[in-house]
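Below is one structure, written out as structure tokens; the observations come after it.
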There are 2 protein chains.
Amino acid sequence: MAEIGGLLAEIVGEAHVLRGDQITEDYGHDEALGLAPVVPAAVVRPADTAEVAAIVALACSYGVPLTGRGSGTGLSGACIPVAGGVVVSFERMNRILELDLDNQMAVVQPGVTLEQLDRAVAEVGLVYPVFPGELSASLGGNVATNAGGMRAVKYGVTRNQVVGLEAVLGSGEVIRCGGKFVKSSTGYDLTQLIIGSEGTLALVTEATLKLYPRPPFSATVLAPFATLDQITAAVPRVVASGIGPLMVEYVDLMTMASITAGGMFELGIPPDVKDRALAYLVIVLENRRDDRLGEDVEEVAKLVGGLGALDVYVLPPQSGAQLIAAREKAFWLAKAAGADDIIDAVVPRASIADYMDEAADLARASGSLVAGCGHAGDGNVHLSVFQPDQSVRGRLVHDILAAAVKRGGAVSGEHGIGVGKKDHVEALESPHKVALWRRIKQAFDPDTVLNPGTVFDPEPEAQP
Amino acid sequence: MAEIGGLLAEIVGEAHVLRGDQITEDYGHDEALGLAPVVPAAVVRPADTAEVAAIVALACSYGVPLTGRGSGTGLSGACIPVAGGVVVSFERMNRILELDLDNQMAVVQPGVTLEQLDRAVAEVGLVYPVFPGELSASLGGNVATNAGGMRAVKYGVTRNQVVGLEAVLGSGEVIRCGGKFVKSSTGYDLTQLIIGSEGTLALVTEATLKLYPRPPFSATVLAPFATLDQITAAVPRVVASGIGPLMVEYVDLMTMASITAGGMFELGIPPDVKDRALAYLVIVLENRRDDRLGEDVEEVAKLVGGLGALDVYVLPPQSGAQLIAAREKAFWLAKAAGADDIIDAVVPRASIADYMDEAADLARASGSLVAGCGHAGDGNVHLSVFQPDQSVRGRLVHDILAAAVKRGGAVSGEHGIGVGKKDHVEALESPHKVALWRRIKQAFDPDTVLNPGTVFDPEPEAQP
């Protein structure tokens, strides 16, 4: 592989190829729990699209697997390299190429982070509305996993924001698809197909994103409930009201305790209410007018109060922001608490309580613990799984994911499949569909150089 | 082909196969202008998914091309059959299978019409927000072309509403993709890929659609302008205001004249203003609260008035509805006026005026006339082309489409490519991209039985 390193250096310059001891530990993994890191043969850091295309062409000639990498904040192991393979790190392709105010769009390179973009668009009164909870995440990574987050109930996920891409196919060709327009019926939608493909179809080198007016006013409503069933019953009513909330989250008891633990902040809930609360509903509203926000808050509070909430609190701005910030860090809390795996299944919104009941039953039966929070507005259930035994845990995770699929849901709402969940997908999805995915990959990546073994194994025969 | 008819009858019953004189003229075309109809060898009307799968399997065995057909209201010729082929008409698969109020979704068969769905969802206070202007259109057809319409600026197009599909692949397998959830990162998004593929990848047998609260209040603001440039400059300001209009349309002088001609209705514009107006901006607002609608109307009127409008009219409810209804029928007016072709290119929103200028220059230079209206909020320009000479017209249409692509736009915003625009697409799109489309089609439809020759010709070698 020394040879490949040298050839890569001819493309990007010696300074931008890392080999041997130069490869820091970070390049071998993302933030997924319980997956072994892999040290790549080399890390290459291209400066532009032409270099990426040359790297792919080289990889095809030498049969070397390539794994694209943004900030490495993924939760499915999609950027864990293949042994002997090369990591293509987009850290140098980190420029916001254009903020187009008339069309309300941004054109970015894949290494741009959400934080960097948010800072730039806030200055012009706009917002890129996908906040998956980790602002150091890169846009390229967000496109690869179709990142979601708490604001999806109002704005949708990454898929709904990306209107155009430039990408290098596994065949080495550079294509541009979509553009600065929000509608097109001009052939197959390659933009949508590449989004969420976890680096297995193409390496994204540029993305065009929708921006929105940044509403200046927001408020957080917190409602403790005695049962999760009541929360699930309340959510469709909130959505149906037409108020259009920015976030509709539920937080279970254990997660709320860890969020507020350590005196981080006080929510002002009296002890008698706290004692009866089994789960919390958090609703964030935003508006371009302060008077309308006030009216909407009142309406939501009244609505939720009439649907069984033990009480309803409109949080002071700072507590509201702190609660949301802490909720965004729920993954880190779970990790710190020793969670062995995480699940982010999606089910029809109205099935959350029923689904959570089954998950809890399955956990109990296997001597495990599951706890969590999730995007109640869009049926995305986040569960931390505490079960150190790998085989017991594997069966439990499978059963919990199967329970989602049985309800018409899917294995992952926003984290992706990566390498961590691919066996579950293979077992739970229709074989016709997985076979079709394989044929589509073949159409993009005939030499199987792009992130092989991610989402699904290359060939059914090749599986262990 | 008598043999195929008999075999089809074994699947669906003799009553549901049409042959020879039983095939009415309608089955040979859609509403596209200037394309020759083709009489199919047979028309088959399946009752369910199993019958569709059996028809596809039969077609693969006998190498018979299949063309799916909804209501035949398309504008690109995508449902014109192949000579010797079979039309699969979904007229019997026309049931709304479920209205799920908790999840705010509808599950429909492909033959359900927009009118039928709107009637059903209106009864429960909901709306399916895609109104492409022809309520007799079928949902299956809408999915196939990724139908748009005037409300796209607020709600997006068909692509943004369809969360799940059941479909029969060209390989005869039945797959289900997506479901009653609005986010998923579980493998390649087949739902999005099938939407807009104009029947070339799969026959859709069921669709799950998002529904929304139906806002009870709406108002129409009409603003005449002395130049289209001023309208284009005003649109980004309206969008950036955060008011969230339902429709933002421009109508040129000639189209407005034909809309209001014959005393259909009066807009109350004084003659002196009318004389100076060269184009009209139409903004429709909706709200769940009457008081907020009033405030928004006032804000929009003030905004537009400050941006060069000759005057601003808030239309009485009936005139507003009539104007919108007439605008939806603009295609029929163009057809009645003798238009020889229509264009629905999309460009970046801010480039509309500049684009229209070039289109007018091109038309003038070729001794032709173009006129139209369009979705100013999303850059979708509808032009009627008046030029009887086929060869002159072909060159002009190519040049006008090339001018859109040059501005970062695309050939079709919502009508699709069908057979009518495929030569232009082949000439204007990157060959790498079209080659990739061909490989994707191969992955879905290895025997090339589904709508061959639509969107692109099967093989570059096979082209005339």
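The values are calculated or read from the model by the stated rules, or taken from the named source; none is laboratory data. Model, not experiment: these values are computed from the prediction. Every residue, glycine as well, gets a Cβ built from its backbone with ideal geometry; the counts of neighbours run over all protein chains shown. Accessible surface is based on the protein model in full, side chains and every heavy atom, while ligands, DNA and RNA are left aside. Shrake-Rupley method; radii C 1.70, N 1.55, O 1.52, S 1.80 Å.
A P(r) calculated from all alpha carbon pairs of region A:184-252, with 5 Å bins opening at zero, reads 3, 9, 15, 13, 10, 11, 16, 14, 7, 2, 0 percent. Taking amide H atoms as placed 1.01 Å from N in the peptide plane, the amide H of A:Ala32 lies under 5 Å from those of A:Ser76, A:Gly77, each 5 or more residues away in sequence or on another chain.
Find the all-direction average of the projected area of the Cα convex hull for region B:259-413, expressing the result in square nanometres with one decimal place.
10.4
The equivalent ellipsoid of region B:104-155 has semi-axes of 16, 14, 10 Å, largest first, where each one is the square root of 5 times an eigenvalue of the Cα gyration tensor.
How far, in nm, would the chain grow between B:Arg289 and B:Ala321 when pulled straight, counting 0.36 nm per residue and subtracting the alpha carbon separation?
Values: separation 32, 0.36 × 32 = 11.52 nm, distance 1.89 nm.
Full extension of this stretch gives 9.6 nm more.
Mean per-residue shielding of peptide B:345-353 is 5, counting Cβ atoms of other chains within 10 Å of each Cβ. Stokes-Einstein diffusion for region B:1-155 at 37 °C, viscosity 0.692 mPa s, with a Kirkwood radius from C-alpha pairs, works out to 199 µm²/s. Measuring between their Cα centroids, region B:183-211 and region B:255-331 lie 37 Å from each other.
For the protein assembly as shown, the equivalent ellipsoid derived from the Cα gyration tensor has semi-axes of 42, 35, 29 Å, listed largest first. Each of the peptides A:227-235, B:409-417 was scored by the mean count of other Cβ atoms within 10 Å over its residues; in descending order, highest first, they stand as B:409-417, A:227-235.
Please report the antiparallel percentage of DSSP beta bridges with both residues in chain A, rounded to the nearest 5. Working shown, then result.
Numbers: 58 of 66 bridges.
So the antiparallel bridges in chain A amount to around 90 percent.
Solvent-accessible area of A:Asp447, all protein chains in place: 90 Å² (probe radius 1.4 Å, heavy atoms, ligands and nucleic acids excluded).
Taking a point 7 Å out from the Cα of B:Ala257 in the direction of its Cβ, the residues of region B:368-386 whose backbone N falls within less than 14 Å of it are B:369-372. Fraction of C-alpha pairs exceeding 15 angstrom in region B:377-435: 53 percent, rounded to a whole number.
About its Cα centre, the protein assembly as shown has a charge dipole of approximately 540 debye under the convention of +1 per Lys or Arg Cβ and -1 per Asp or Glu Cβ, with nothing else charged.
For the residue pairs A:Lys422/B:Lys210; A:Lys421/B:Lys433; A:Lys183/B:Lys422; B:Lys335/B:Lys406, the alpha carbons lie more than 22 Å apart in A:Lys422/B:Lys210; A:Lys421/B:Lys433; B:Lys335/B:Lys406. Interface size, chains A and B: roughly 6300 Å² of accessible area buried, both sides included, 1.4 Å probe, rounded to the nearest 100. Relative intensity of region B:220-349 on a log10 scale, I(q)/I(0) at q = 0.17 Å⁻¹, equals -0.94, per a Debye sum over C-alpha point scatterers of equal strength in the absence of solvent. Treating each Cα of region A:91-205 as one equal point scatterer and applying the Debye formula with no solvent, the log10 of I(q)/I(0) at q = 0.13, 0.20, 0.22 Å⁻¹ comes out as -0.47, -1.17, -1.43. Here B:Leu278 and B:Arg395 are evaluated by their C-beta separation; at R0 = 25 Å the FRET efficiency comes out at 0.35. Taking every residue in A:156-167 and counting other chain Cβ atoms within 10 Å of its Cβ, the average works out to 2. Restriction of the GluC sites (Glu not before Pro) in region B:249-307 to DSSP coil positions whose beta-carbon has at most 14 other beta-carbons within 10 angstrom yields B:Glu266. Take A:Gln442, move 7 Å from Cα toward the beta carbon, and the resulting point lies 0.9 nm from the same point in each other copy, nearest first. With both labels modelled 7 Å from their Cα along Cα-to-Cβ, the B:Gln442 to B:Phe217 distance reads 5.9 nm.
Label-to-label distances for A:Val39 across copies, nearest first, come out at 7.5 nm, using points 7 Å from Cα in the beta-carbon direction. Each residue, A:Glu328 and A:Glu10, gets one label point 7 Å from its Cα in the Cβ direction; the gap between the two is 4.5 nm. What percentage of the solvent-accessible surface of region B:229-274, computed with a 1.4 Å probe over protein heavy atoms, is contributed by carbon and sulfur atoms? Result for region B:229-274: 61 percent of the exposed heavy-atom area is carbon or sulfur.
As a ratio to 2.2 N^0.38 Å, the alpha-carbon radius of gyration for chain A is 0.99. For region A:394-437, the solvent-accessible area of protein heavy atoms averages 33 Å² per residue (probe radius 1.4 Å; ligands and nucleic acids excluded). Look at the stretch A:236-244: the mean tally of other chain Cβ atoms within 10 Å of its residues' Cβ atoms is 4.
By definition, a body whose alpha carbon gyration tensor gives a ≥ b ≥ c is prolate when a/c is 1.5 or more and a/b is larger than b/c, and region A:249-298 fits this prolate description. Report the paramagnetic label zone for A:Ile96: residues of region A:109-151 whose backbone N is under 11 Å from a point 7 Å from Cα along the Cα-to-Cβ axis. Counting backbone N atoms under 11 Å from the label point, the list is A:113-128. Once the C-beta distance of B:Leu135 and B:Ser430 is scaled by a Förster radius of 45 Å, the resulting FRET efficiency is 0.75 to the nearest 0.05. Looking down the axis that turns chain A into chain B, the chain A residue with its beta carbon nearest that axis, and the gap rounded to whole angstrom, comes out as A:Gln192, 2. Basic side chains Lys and Arg get +1 at the Cβ, acidic Asp and Glu get -1 at the Cβ, and with that the dipole of chain B about its Cα centre reaches some 700 debye.
Highest average first, the peptides A:64-74, B:334-344 ordered by how many other beta carbon atoms sit within 10 Å of their residues are A:64-74, B:334-344.
Surface composition of region A:41-135: carbon plus sulfur atoms hold 49% of the accessible area, using a 1.4 angstrom probe and ignoring ligands, DNA and RNA. With its label point defined 7 Å out from Cα along the Cα-to-Cβ axis, B:Leu278 lies at 6.8 nm from the matching points of the other copies, in increasing order. Note on B:Asp48 and B:Tyr62: the extension gain reaches 2.9 nm, defined as 0.36 nm multiplied by sequence separation minus the Cα-Cα distance.
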